[in-house]
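The values are calculated or read from the model by the stated rules, or taken from the named source; none is laboratory data. On a predicted model such as this, the values are computed, not experimentally measured, just so you know. Cβ atoms come from the backbone with ideal geometry, glycine included; neighbour counts cover every protein chain shown.
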Amino acid sequence: MDHNFIIWMGDLNYRIQTSVDFSTEIIKALADLYQFNKLLQHDQLQQQQKRGEAFTHFKEPPIDFKPTYKFDPSTNSWDSSEKNRAPAWCDRILYYCDDMSYIKNLSYLSHPEMIISDHKPVSATFELQVKVVVPDREKQTIDEISFKLDKLYNETLPQVELNSYEFKFEKVKFMVERTQVLKVRNIGHRPVQLGFKPTPDKQDRISKPWLSIRPDKALILTSEEVSINLTVNIDSDHVTSFNKRTDSLDDILVLNLEGGKDIFISVSGDLLSTCFGSSLETLIHVHTYVREVPTGQLLDLSMSSSWEEYDSQALSVRKAPPPLDIPKELYRLVQYLLDHGLNATALFTDGGLSSEREKIRDTLDTGGEELVGSVYSVAAVLLTFLRSLEDPVVPRSVHQRCMDASNNPTLCRQVLLQMAEVHRRCFVFIVTFLKKLLEHSQENKMDAKVLASIFGEVLMNSTREEKLSRNKKTLSQINKKKMTFLYQFLANDLTVNYK
Amino acid sequence: MAKTYDFLFKLLLIGDSGVGKTCILVRFSEDAFNSTFISTIGIDFKIRTVDIEGKKIKLQIWDTAGQERFRTITTAYYRGAMGIMLVYDVTNEKSFDNIRNWIRNIEENAAADVEKMILGNKCDLEESRVVSRERGQLLAEEHQVKFMETSAKSGQNVETAFLNLAKDIKNKMDRRNPGDDMGTSQSNVHVTAGDSSGSGGGCAC
Ligand SMILES: Nc1nc2c(ncn2[C@@H]2O[C@H](COP(=O)(O)OP(=O)(O)O)[C@@H](O)[C@H]2O)c(=O)[nH]1
Ligand SMILES: [Mg+2]
């Protein structure tokens, strides 16, 4: 029951049970003699309470007054009407409390002096103990409860355990994918939805472009674990910014637990120095092998002693050896193909094997004696080398002029004159190589158009931004012109004086 | 379910790594202290609801990684904060000197009117103290913010500090929306009246 105390009062209409032996007259006589105990034995309410049929848990103060019903109105005499009702305690006061010690009866009376009704009123007085609010104690209690609730809430916030907060990718090689596994275990009390947040320092990406996260969202049930692959792959698109030191192998990932905290995961490491993504200007100054020059310092080499500067300062300032005619890496690749690949069909479309390509790239960077692998793998590495150059063999500054000149062999030759020395040398070197291949077209089935199309694209590679910003149609027109430009050199004798 | 609070305040704890930010938060939200140092690597939060002038105010307190390498990322979280606790360690001179940098960080990244407070923590370590109370006080005056020395270990001033900061935020809010004052006093009466009848019945079950 919702109530602390219940007082039940009124004309409950219980009677004194009459019978053959217990007539109305006997009841009246006993009542007048104050023999209440004898009468109460026949009281219907007390009988039903005893049998548990009504008001079971209620108590009634002891009755020490005459039955309160039925009197002739305006008198104190029992009913004298024809019906001759037996007297009864119809009017009652019952009480209840969970703990009966909190309620004490002080009086239970009837009031015979009231004569207007055929009933006599009854009254009772009680003393109750009631709870009252003590403001200070109340505040303290509320504070305690809210503190506990908050604590409970804090405990149900998502909680995870990571296998590591830091991932180090050491000695990463160009174009060689490396993966480490981030394991996230749910150690909280409810499922966790996790995801990675974009950060402003990464132009609202969730990771640097050379780092991929798979999956980047997951639902982890309690006590379960997910594995997330963190994969680093520094390919032609990104390697230049590493060489130029505008990027480094560092990233901080923000792992968010939905409705809860963010965790920072640090990714660090280093990229082994590589000739890929470097510039022709730099590479002709590297007499040893690129791997021996720390990443980022390649740049200094080219800046401190450019071709012209070298001529004037060589004797006084630094006794740097004269630059190479063309990068030795380019020379090695082409020489290998001249030695072994002149008759191979599909030389540049086969692609070779990725394991071989990796070894060949390594050999170029570390100065290993021999290039090991099929001519197809070597040819593919050559294309990668050319495509990843910071500035392609045909420098971007003259691309437009090349395209404008593409229909006119004489104009094409003039553009060649406008190219910086090392670029011109490399261009002529490659054209000579391609012409050599064409001399063997009987065996290798290649023709000038196909070669011009393959090499036009890599020798005059557009930047990623350029590729993204132009529509398909424009791009194919551009490629067509680049191809035509190169084709002029393969079909005509335009380079003869530059060899 | 009815909303269990009247206002939600977002607070931020910043300061060098190791000054006791996480411990201060744990003291305030769990009334506990742990002396092993586990560096916070990210942004974590806990909540605690407090009563200020009859209003239930839910404090959502963000604890940040203090390490330098996370600086650029953590500052992105300043934006939503209504109050910031700048914490240094009274036994670590460097952490005190860095408060100036942290304040500059706030000026550059947080809302212009964010409420601030400087806490000199670990004041229980009297024997290894290197930053006097007076210097802390002076720095705070220079930047016109409140100052308090705390100990997450003993609990000294931790609760008071948060209540003070929350009160300052609430006062500012009341000044901004004077209409709310009425609401506050009315509900005060209401709460008192409700106490005897409402909670009397509720508590007896
Ligand atoms: N004696 C003392 N030690 C403290 C107090 N607060 C924190 N510490 C200790 O200082 C270390 C760093 O505390 P922590 O809260 O993790 O620093 P945070 O990097 O700022 O979060 C821990 O070993 C704590 O036990 C303090 O009030 N008194
Ligand atoms: Mg911490």
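Checking the stated criteria, residue B:44 turns out not to satisfy the condition of being within 16 Å of ligand 2 (Cβ to nearest atom) and in contact (Cβ under 8 Å) with a residue 40 or more places away in the chain. Sub-6 Å Cβ pairs linking a first residue in the stretch B:134-163 that is closer than 16 Å to residue B:83 by Cβ to a second residue that is assigned to a helix (DSSP H, G or I) and basic (Lys, Arg), at least 6 apart or interchain, are B:158/B:27, ordered by first then second residue. Scanning the stretch A:409-423 for residues that are part of a helix (DSSP H, G or I) and either at pLDDT below 95 or assigned by TED's automatic domain parsing to the domain that holds residue A:239 (or both) yields A:409, A:410, A:411, A:412, A:413, A:414, A:415, A:416, A:417, A:418, A:421, A:422. Take residue A:75 and tell me if it is in a strand (DSSP E or B), among the hydroxyl-bearing types (Ser, Thr, Tyr) and out of contact with any His (no Cβ under 6 Å at 6 or more places or on another chain). Judged against the criteria, residue A:75 is not a match. Residues of the stretch A:227-251 that are under 28 Å from residue A:183 (Cβ atoms) and touching a helix residue (DSSP H, G or I) at 6+ places or on another chain (Cβ under 6 Å): A:247 alone.
Yes or no: the stretch B:124-142 includes at least one residue that is within 12 Å of ligand 1 (Cβ to nearest atom) and either buried (at least 19 other Cβ atoms within 10 Å of the Cβ) or within 14 Å of chain A (Cβ to nearest Cβ) (or both). For the stretch B:124-142, residues within 12 Å of ligand 1 (Cβ to nearest atom) and either buried (at least 19 other Cβ atoms within 10 Å of the Cβ) or within 14 Å of chain A (Cβ to nearest Cβ) (or both): absent.
Once the stretch A:85-141 is narrowed to residues that are away from chain B (no Cβ under 14 Å) and touching a helix residue (DSSP H, G or I) at 6+ places or on another chain (Cβ under 6 Å), the residue that is surrounded by the fewest Cβ atoms within 10 Å (Cβ to Cβ) is A:87.
Just one of the listed residues (B:25, B:8) is within 16 Å of ligand 2 (Cβ to nearest atom), under 15 Å from the mean Cα position of the chain (by Cα) and modelled with pLDDT of 95 or more, and it is B:25.
Take the residues in the stretch A:142-176 that are closer than 30 Å to residue A:362 by Cα and either of a type in the set (Val, Ile, Thr) or within 11 Å of another protein chain (Cβ to nearest Cβ) (or both), then tell me which one is surrounded by the fewest Cβ atoms within 10 Å (Cβ to Cβ).
If we take residues in the stretch A:142-176 being closer than 30 Å to residue A:362 by Cα and either of a type in the set (Val, Ile, Thr) or within 11 Å of another protein chain (Cβ to nearest Cβ) (or both), then A:166 is surrounded by the fewest Cβ atoms within 10 Å (Cβ to Cβ).
In the set B:31, B:6, B:44, only one residue is within 16 Å of ligand 1 (Cβ to nearest atom), of a type in the set (Asp, Glu) and touching a strand residue (DSSP E or B) at 6+ places or on another chain (Cβ under 6 Å); that residue is B:44. Looking at the stretch A:161-224, the strands (runs of 3 or more DSSP E) lying wholly inside it that each contain 3 or more residues that are under 17 Å from the mean Cα position of the chain (by Cα) sit at A:178-186, A:192-197, A:211-214, A:217-220. Just so you know, in the stretch B:108-123 the residues that are surrounded by 14 or more Cβ atoms within 10 Å (Cβ to Cβ) and not in a loop (DSSP other than H, G, I, E, B) include one that is farthest from ligand 2 (Cβ to nearest atom), and it is B:115.
At least 3 residues being within 10 Å of another protein chain (Cβ to nearest Cβ) and of a type outside the set (A, V, I, L, M, F, W, C) is the threshold, and among the strands (runs of 3 or more DSSP E) wholly inside the stretch B:29-105 those reaching it are B:42-52, B:55-64. When the stretch B:59-82 is filtered for residues that are of a type in the set (Gly, Ala, Ser) and buried (at least 23 other Cβ atoms within 10 Å of the Cβ), the ones remaining, listed by number, are B:65, B:66, B:81.
In the set A:31, A:54, which member is of a type in the set (Gly, Ala, Ser) and crowded, with 16+ Cβ neighbours inside 10 Å?
Numbers: A:54 fails: crowded, with 16+ Cβ neighbours inside 10 Å.
None of the others qualify; the one that does is A:31.
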